[in-house]
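What follows is a single structure, written as structure tokens, with notes after it.
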Amino acid sequence: MFRALAPLTPKPAEIYLRPALKNPAVAHCRKIWERTYDRVYKLHNSITVARLNAADAFREALPPLDCYENIRDFITCVGYAMAAEIMIEGTGQELLLAAKVALTAEARRPKTQGKAES
């Protein structure tokens, strides 16, 4: 006796990660990923080559680790990329470690002093 199989559900990135795209940094990195994927796939007709190139483009589009807001967005983008399987876990962990170091350095940066007294 055969039973009908339930239809496959979309990947988590397609459903559960949509709210992350409300973050402008995540949306920007994702858009870069999609454009690169589409362009490379059309050229090489290879999912693997397209995904590798798109992952590189996503990493290049990450915000710089130069201020608290960018570090926060960087972490959000990397978390999104790991959950969406855009980048492999090891690469994501290395990037998150870099963000942790940058965050520590940012926290230790001397605060600018108020206006000097005349």
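Taking into account only those residues within segment 55-105 that are out of contact with any Leu (no Cβ under 9 Å at 6 or more places or on another chain) and not in a helix (DSSP H, G or I), which is farthest from Tyr37 (Cα to Cα)?
Cys67
What's the number of the only condition in (1) aliphatic (A, V, I, L, M); (2) closer than 12 Å to Trp33 by Cα; (3) open to solvent by less than 40 Å² (accessible area, probe 1.4 Å) that Leu52 fails to meet?
(3)
Quick check on segment 1-38: of everything there that is more than 20 Å from Asn70 (Cα to Cα), of a type in the set (A, V, I, L, M, F, W, C) and open to solvent by 50 Å² or more (accessible area, probe 1.4 Å), which residue is modelled with the lowest pLDDT?
Out of the qualifying residues, it is Leu8.
Could you list all residues from segment 29-81 that are closer than 30 Å to Glu106 by Cα, free of Cβ contacts under 8 Å to residues at least 24 places away in the same chain and β-branched (Val, Ile, Thr)?
Val78
On the given criteria, is Ile88 within 10 Å of the chain's Cα centre (by Cα) and open to solvent by 60 Å² or more (accessible area, probe 1.4 Å)?
no
Among residues belonging to segment 92-118 that are in contact (Cβ under 8 Å) with a residue 24 or more places away in the chain and within 19 Å of Ala25 (Cα to Cα), point out the one that is most open to solvent (accessible area, probe 1.4 Å).
Leu103
The values are calculated or read from the model by the stated rules, or taken from the named source; none is laboratory data. Computed from a prediction, not measured in an experiment: that's the story for all the values here. Glycine also receives a Cβ, built like all others from the backbone with ideal geometry; neighbour counts cover every protein chain displayed. In case anyone asks, the SASA skips ligands and DNA or RNA and just uses the protein heavy atoms, side chains included. Shrake-Rupley method; radii C 1.70, N 1.55, O 1.52, S 1.80 Å.
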